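Quick notes on the structure that follows.
The values are calculated or read from the model by the stated rules, or taken from the named source; none is laboratory data. The model shown is predicted, which means the values in this text are computed figures rather than measured ones. Cβ sites come from the backbone with ideal geometry, for glycine too, and all protein chains shown count toward neighbours.
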Amino acid sequence: MVKVPFSASIGLLLVRIMLAVTFIYHGGQKLFGWFGGPGMSGFEKFIGMMHLPLLPTPAWAYMAAIAECIGGMALLPGFLSRFWALALVIDMFVAIYVRRGAGVTGTELEQALLTLSAMVVLAGPGIISVDALLFRRPLWPNA
């Protein structure tokens, strides 16, 4: 087993918390209309204006909203972290594509969220997570 410094898991916990809060907020706006968001009807209209290929507009809208809201909720405790973080990486690639297609040049937030999500995919959730409990990783690996 690879020995991981406890401080690295603290860093991954902080990354997961920040991603979770951000994605729950934005995904909740889309999925449920929380925090003054448009809800699914408004988000579907926005996605429909982008004319995304391959899938119908509601499929794109629901995939993005579920990945953000439910994925954020799963990242908070570190449950199936790599799966949800990968879904968020894909979501952010699509968001950057959509925003660029709409003529928006400021995609720094999406790029930062993509990078942090990719970090969780590559490094995992750390030992302070539900995943560590499920897959039997000790809290103090260096002890």
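Contact annotation: residue pairs with Cβ atoms under 6 Å, 6 or more positions apart or on different chains, pairing a residue in the range 17-31 that is over 18 Å from SER81 (Cα atoms) with a partner that is of a type in the set (Gly, Ala, Ser) and part of a helix (DSSP H, G or I), are LYS30/ALA65; LEU31/ALA65. Given the criteria surrounded by 20 or more Cβ atoms within 10 Å (Cβ to Cβ) and closer than 17 Å to VAL21 by Cβ, does ALA74 qualify? Yes: the conditions hold for ALA74. Note on the range 77-97: residues that are among the hydrophobic types (A, V, I, L, M, F, W, C), surrounded by fewer than 20 Cβ atoms within 10 Å (Cβ to Cβ) and more than 11 Å from the chain's Cα centre (by Cα) amount to 5.
For the range 108-136, filtered to residues that are surrounded by fewer than 17 Cβ atoms within 10 Å (Cβ to Cβ) and of a type outside the set (A, V, I, L, M), the residue that is farthest from SER9 (Cα to Cα) is GLU108.
Wholly within the range 38-143, which helices (runs of 4 or more DSSP H) include no fewer than the required count, namely at least 1 residues that are at positive phi?
Details: elements: 39-50, 57-75, 81-101, 108-123, 130-134.
Those helices (runs of 4 or more DSSP H) span 39-50.
When THR57 is tested against (1) crowded, with 16+ Cβ neighbours inside 10 Å; (2) free of Cβ contacts under 8 Å to residues at least 24 places away in the same chain; (3) within 20 Å of the chain's Cα centre (by Cα), only condition (3) is not met. What number goes with the only condition from (1) in contact (Cβ under 8 Å) with a residue 12 or more places away in the chain; (2) closer than 30 Å to GLY126 by Cβ; (3) of a type outside the set (Lys, Arg) that PHE35 does not pass? In the conditions (1) in contact (Cβ under 8 Å) with a residue 12 or more places away in the chain; (2) closer than 30 Å to GLY126 by Cβ; (3) of a type outside the set (Lys, Arg), PHE35 misses (1) alone. Within the range 94-119, the residues that satisfy the criterion of being at pLDDT 95 or above and touching a Leu at 6+ places or on another chain (Cβ under 9 Å) are LEU113, LEU114, LEU116, SER117, ALA118, MET119.
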